[in-house]
Amino acid sequence: MRLGLKFTLTTSILVSAVLASYGYHTISKRKNFLLSRMKREARAIARTAKVNIEDASYRKGSDIQALVNEIGEFEKTFGALVTLDGKAFRSKSLKELPHTLKKPMELAKQVTARGKAVGRFDRYGKTPIFAHFEPLRGAEGEIIGVLGIIQNISFVEEDIRETRLAVTLTTTVLIALITTSILLLIRIDITGPISGLMKKIQRVGRGEFDTKVSVNRKDELGELAHEFNQMAANLRDAERRLYEEADRKADLEQRMRHMERLATIGQLASGLAHEIGTPLNVISGRASYLRKKVNDTESLEKNLDVIVRQSQRITKIIRHLLNFSRKKPPECIRTEIPSVIESTLDLLENRIRRQGVRVVKSFPPDLPLVEGDPEQFQQVFLNIMLNAVQSMPNGGELILEGRTITNGGRTIERYQPKYAEIQIEDTGVGMKPEVLENIFKPFFTTKWDGKGTGLGLPISYGIVRDHGGTIDVESKEGKGTTVSIRFPCLSPSLKMR
């Protein structure tokens, strides 16, 4: 239930209760007033008639029945009853009704027994009445009879019904007017501004922190609007600081990744120097030989082919190094993971060969594409494969496998999210459990010879996470390590950019 309706209903109930109490009090007061006036009239009539009847000369010279009939014809008088000298006189109105005088006669007996006036409300058939009886006394004060005046009080009930109807109508109109006024006042002055404020809050919730509420009131809603504007301004400043902090963090991560690349290149430098030196020696030797065999066309052609191949080999190695070490903004393109792994293996070719490591590759031809930065992917694979090769100083196997899985690691099923999983497994020395728990912490390293920065795996973890993927490591000391990397796949129908 909305606040305005709830407040209106509550107020209406309270107003209704107050007006109902007032109406009940008014009706009760009106009823008591009418009944009190009717009692006074009955007593006045009874006392006037009593004086005449108690006068002995009147009783001798006048007709009691005529007096009773005359009283019965008074307005609002239902009838009159007199018992005197053992005789009963009643007005014509009482004679014409089929009802008995049992109850009035009982009152007459009570008056005779008590010696004082008695009044009582009752019904004469279906007619509401008020019966007032007075004792008639003789010259010595003795009770000689009873005078009863029976008033018809149906007019009281009629008056009360009219009063109740008037009060009900008045109360209903007042409640309707008050409720309508309160509802309009609340809608204009409270719920309307609150609804407007709610719309502004929803806009702020959508990130529109420039939203403002006009402050032209000096009540609580004005204070609320002022605080809302201040909150929106604070959120705007916080958003700006957050973006600035995010930019600084992204720049720092980019510099750290570049530094890790340079550190990795440093580790590869000695091997690459030998890798480049070998083809250079071959080129130099072949060139010297060609000087002596200028006229030998067949020998010249053969040696030139060797020179070209070795030059291409040097160019390939240098190109991979330059691409890997070059600092450039990240790209997000559709990428074939096997191609990235092949280029990474080119950088590690000399170290792999010198340490006697055998590479076993297994990539299905239908491995889906992933979207991301190929250079960052290469950094991840280089960090992990370099660690794997270093863990096998006496040779071993580097097993590279790719497959498509679902999020739960099960065989691919229709209509489920696909992930390209690359497993890099080595048969090296493995890791202790306490080492495995800390490998993704920055600057944690087990290489105390200055060859490790402790940033390779943390940076790799951040790159995989930024691409919506996951990375898990399993290792047993003395048996080797398996690293599982998963990237979200693109639809097979999408083509390379």
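A short reminder: the numbers here are calculations on the coordinates, not readings from a lab. Keep in mind it's a predicted model, so treat the numbers as computed, not measured. Quick reminder, even Gly has a Cβ in these numbers, built from the backbone with ideal geometry, and neighbours come from all protein chains shown.
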Distance between modelled label sites at V51 and N229, nm, 7 Å Cα→Cβ extension: 8.6 nm
Ordering of 45-54, 460-469 by packing [mean C-beta count within 10 Å, highest first]: 460-469, 45-54
Aspartates and glutamates with Cα under 14 Å of K200, excluding same-chain neighbours fewer than 8 positions away: E208, D210, E227
Gyration tensor over alpha-carbon atoms, the range 110-254, equivalent ellipsoid semi-axes in Å: 87, 16, 12
Which listed pairs, of K249/K432; K361/K432; K6/K199; K361/K476; K39/K87, have C-alpha distances above 24 Å, in listed order: K249/K432; K361/K432; K39/K87
Under Karplus coefficients 6.51, -1.76 and 1.60, residue-wise ³J(HN,Hα) of the range 74-89 in Hz, glycine/proline x: 5, 4, 6, 9, 6, x, 9, 9, 9, 10, 8, 6, x, 10, 10, 10
The range 3-160, relative contact order in percent, only Cα pairs under 8 angstrom and at least six apart counted: 24 percent
Packing-based order for 107-120, 376-389, 28-41, using average beta carbon neighbours within 10 Å, highest first: 376-389, 107-120, 28-41
Difference of contour (0.36 nm per residue) and Cα-Cα distance, F74 to T168: 30.5 nm
Residues in the range 177-205 that a label on E239 would reach, taking backbone N under 14 Å of a point 7 Å out along Cα→Cβ: 200-205
Proximal aspartates and glutamates relative to K126, as straight alpha-carbon distance under 13 Å, when same-chain residues fewer than 8 apart are discounted: E157
